[in-house]
Amino acid sequence: MTDITRAIAAATSVAASLDLPADDALVLHSSNRLALRLTPCDVLARVAPVGQEDAHLEVELAQRLAQVGCPTGLLEPRVDPRVYSRDGFTVTLWSYYEPVAPHTAPLDYAKALERLHAGMRKVDVPSPRFTDRIAQAQDVVADPELSPELDGTDRVFLSSRLASLRRTVEDRGAVEQLLHGEPHPGNLLNTEHGPLFIDLETCCRGPVEFDLAHVTEAVCEHYPNLDRGLLDECRQLVLAMVAAWRWELGDRLPGGRRFGEELLRSLRDGPPWPTLDTVTRRLGGP
């Protein structure tokens with residue numbers, strides 16, 4: 001039985017134990033966590049191996065953000081809002097939202113992100129700092145056992161860039177607050193309730209420019225009072241971090257190695273620094 005099959009079995013078992021009929025499961029996304037649409041109960045299940053997630057923080061944060069009216073996906077209201085464990089997996093259950101359009105207009109995207117940040121400033125929960133996420137990327141690059149296909153020259157280059165960019169951004173001394181951590185288009189649903197952010201496990205504290213470094217330039221143009229110099233540095237930092245994760249052993253992103261190679265090439269080519277969506281388009285993505 002594959003990990004995905006076992007994860008699906010764990011999610012459907014949890015749903016059934018809560019009287020949510022789950023005769024079928026459609027895989028919506030598969031990476032470090034599995035996102036499933038369970039039917040006919042029409043619930044979104046998020047499943048991850050125990051120890052490879054921060055589901056408890058995500059569940060607590062989702063409840064707190066809902067209380068202050070943030071544009072985020074809600075936990076499934078028919079069951080207790082908590083983390084369920086089954087067969088070595090953690091399972092959380094969420095409301096399923098049918099997308100009404102494939103993309104969110106840049107202005108609407110920027111307004112939703114601004115509302116999210118405003119709500120997050122009202123919420124006080126223990127959370128990692130953005131530098132902790134940089135450190136995770138540095139660990140991947142530093143250990144050949146974690147990134148065996150990354151050659152020596154690229155390893156030295158990427159390690160140096162992560163370290164220098166971390167210092168540069170920290171030395172700015174910018175105001176920090178709770179952030180989504182990865183508010184890229186894949187984590188924003190365009191629903192009948194408006195744009196809703198999902199996948200809160202990446203939340204961290206840092207400058208808002210760190211979040212904006214994950215979105216398109218068209219979205220940034222509509223977000224008020226950005227520090228453009230800091231945004232430029234954060235874009236480089238995000239390119240380096242994502243490059244590290246694409247070389248991590250076991251990375252499940254389709255075409256991840258090609259993406260990692262293109263990110264390294266972008267960092268070497270120098271400014272203007274591309275956004276993640278620009279790199280995706282270069283590789284023939286949407």
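Structure notes:
- Solvent-accessible heavy-atom area per residue, rounded to whole Å², over the chain at 1.4 Å: 46 Å²
- Between Ala105 and Val79, the modelled label-to-label distance comes to 3.7 nm, taking each label 7 Å out from Cα in the direction of the beta carbon.
- Distance from the C-alpha centroid of the stretch 156-208 to that of the stretch 1-45: 28 Å, rounded to the whole angstrom.
- Of the solvent-accessible surface of the stretch 3-95, computed with a 1.4 Å probe and all protein chains present, 49% belongs to carbon and sulfur.
- On the stretch 106-283, 49 percent of the accessible area sits on carbon and sulfur atoms, based on a 1.4 Å probe.
- Per residue convex hull volume, Cα atoms of the chain, in Å³: 132 Å³
- R0 of 45 Å, Cβ-Cβ distance Glu217-Thr2: FRET efficiency to nearest 0.05: 0.70
- Highest average packing first - 255-266, 33-44, 223-234, Cβ atoms within 10 Å: 33-44, 255-266, 223-234
- Taking every C-alpha pair closer than 8 Å and separated by at least 6 residues, the mean separation divided by the residue count of the stretch 106-283 gives a relative contact order of 27 percent.
- Each peptide among 106-117, 124-135, 207-218, 186-197 gets the average number of other Cβ atoms lying within 10 Å of its residues, and from highest to lowest they stand as 207-218, 106-117, 186-197, 124-135.
- Using alpha-carbon coordinates, inclination of helix 130-142 to the longest axis of the chain, degrees: 80 degrees
The values are calculated or read from the model by the stated rules, or taken from the named source; none is laboratory data. Predicted model only: the values in this text are computed from it and were never measured. Glycine also receives a Cβ, built like all others from the backbone with ideal geometry; neighbour counts cover every protein chain displayed. The area values use the complete protein model at the heavy-atom level, side chains included, leaving out ligands, DNA and RNA. Shrake-Rupley method; radii C 1.70, N 1.55, O 1.52, S 1.80 Å.
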